[in-house]
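Structure provided below as structure tokens; questions to follow.
Computed from the coordinates by the stated procedures, all read-outs in this text should not be read as laboratory data. If you're wondering where the values come from, they're calculated on a predicted model, not measured in any experiment. In this analysis, Cβ positions are derived from the backbone assuming ideal geometry, glycine residues included, and neighbour counts consider all displayed protein chains.
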């Protein structure tokens, strides 16, 4: 099962909208830069660098610091946005540019 993803591209900005069904875990990953995540709907648990889960209810804005592993668990059906500064505008390449692969 995968979240339903929609991509938004602007001048120097990118947002990924993930509609996450309750019970789904978005896999651990990290970035080499700080970015914002916005919970527009629902409730999620966020684990950063293996620390205790912090829960958020919409609406919420979360700062994800550079170089930290993070994962998101949907407690309820949720809509989660990740907002990044990037000039990449190709949906097929965006994860290659943003996600650090050497975990």
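Those residues that are within 12 Å of residue 69 (Cα to Cα), touching a strand residue (DSSP E or B) at 6+ places or on another chain (Cβ under 8 Å) and surrounded by fewer than 16 Cβ atoms within 10 Å (Cβ to Cβ), I need them from region 35-55; list them, please.
49
Suppose we filter 4, 87 for residues that are under 14 Å from the mean Cα position of the chain (by Cα) and surrounded by fewer than 16 Cβ atoms within 10 Å (Cβ to Cβ); which single one remains?
Of 4, 87, the one residue that is under 14 Å from the mean Cα position of the chain (by Cα) and surrounded by fewer than 16 Cβ atoms within 10 Å (Cβ to Cβ) is 4.
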